[in-house]
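Below is one structure, written out as structure tokens, with a few remarks after it.
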Amino acid sequence: MTTTSKEYAEALFELAAGEQVLEETSDGLVTVISALKQTPEYRQLLSSAAVGKAARIEALEKAFRGKIPDVLLGVLRMMVSRGHVNALDGMAREFDELSRQYRGESVAMVTSAVPLKEAEAVAIRAELERRFARKIILRCELDPGLIGGVRVEIEGRVIDGSIRNKLEQIKDVMNG
């Protein structure tokens, strides 16, 4: 995360919270990032120093006016005019994190060797919500190297209940 991304995210968050359009702004960021991923040449146009500032801003306005909140469009205009379009992805991640904190939510990255059954995901979420006293959003990913069990990363902490980790602990005890 760059300082630039963080500064834009904080400014956007303050503006969106002040106008009570956090959810709409979050949705707008998804729309913009999706459009830029689908058309990389559009991202290049918006970030190209060879294209005049006014033309880049006009292209931005034409694509997104009325489709995203005005606070987001204003921040995007500033990013385009200052040549900071490449900070957009980091800004969106940071904005998402600020919004979750504001709503009292945390994201838990749950890594497992096999896909979790719905009941397992529900149980993990319930236990994490009990432990952290907040709403938890699970993001699940697979890592066959874990052999079994799960590894959870949340708020800078790691809860490693994987079989691989347990085997490594046993190995350390035996070699120690």
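Structure notes:
- On the stretch given as region 133-163, residues that are farther than 16 Å from Ala113 by Cβ, in contact with a strand residue (DSSP E or B) (Cβ under 6 Å, 6 or more places away or on another chain) and among the basic types (Lys, Arg) total 3.
- Some residue of region 39-56 being within 20 Å of Arg103 (Cβ to Cβ) and either in contact with a helix residue (DSSP H, G or I) (Cβ under 8 Å, 6 or more places away or on another chain) or not β-branched (Val, Ile, Thr) (or both): no
- The condition of being free of Cβ contacts under 8 Å to residues at least 24 places away in the same chain, within 18 Å of Glu94 (Cβ to Cβ) and either in a loop (DSSP other than H, G, I, E, B) or charged (D, E, K, R) (or both) does not hold for Glu41.
- Near pairs, Cβ below 6 angstrom, 6+ apart or cross-chain, from region 66-84 (free of Cβ contacts under 8 Å to residues at least 60 places away in the same chain) to any residue that is of a type outside the set (A, V, I, L, M) and surrounded by fewer than 14 Cβ atoms within 10 Å (Cβ to Cβ): Val71/Glu19; Ser81/Lys53
- Looking at region 79-176, the strands (runs of 3 or more DSSP E) lying wholly inside it that each contain 2 or more residues that are in contact with a helix residue (DSSP H, G or I) (Cβ under 8 Å, 6 or more places away or on another chain) and surrounded by 15 or more Cβ atoms within 10 Å (Cβ to Cβ) sit at 105-112, 135-142, 150-154.
- Residues of region 53-78 that are outside any helix (DSSP H, G or I) and not basic (Lys, Arg): Gly66, Ile68, Pro69.
- Residues that are aliphatic (A, V, I, L, M) and over 14 Å from Val85 (Cα atoms) were ranked within region 8-49; the one that is surrounded by the fewest Cβ atoms within 10 Å (Cβ to Cβ) is Val30.
- Boolean, Ala50 is over 16 Å from the mean Cα position of the chain (by Cα), part of a helix (DSSP H, G or I) and assigned by TED's automatic domain parsing to the domain that holds Glu94: no
- Any hit, region 22-33, residues being under 22 Å from Gln101 (Cα atoms), outside any helix (DSSP H, G or I) and of a type outside the set (S, T, N, Q): no
- Residue check for Asp143: under 21 Å from the mean Cα position of the chain (by Cα) and of a type in the set (Asp, Glu): yes
- Residues in region 50-64 that are surrounded by 15 or more Cβ atoms within 10 Å (Cβ to Cβ) and touching a residue at least 24 places away in the same chain (Cβ under 8 Å): Arg56, Ile57, Ala63, Phe64.
The values are calculated or read from the model by the stated rules, or taken from the named source; none is laboratory data. Computed from a predicted model, the values in this text were never measured in an experiment. Neighbour counts run over all protein chains shown; Cβ positions are idealised from the backbone, glycine included.
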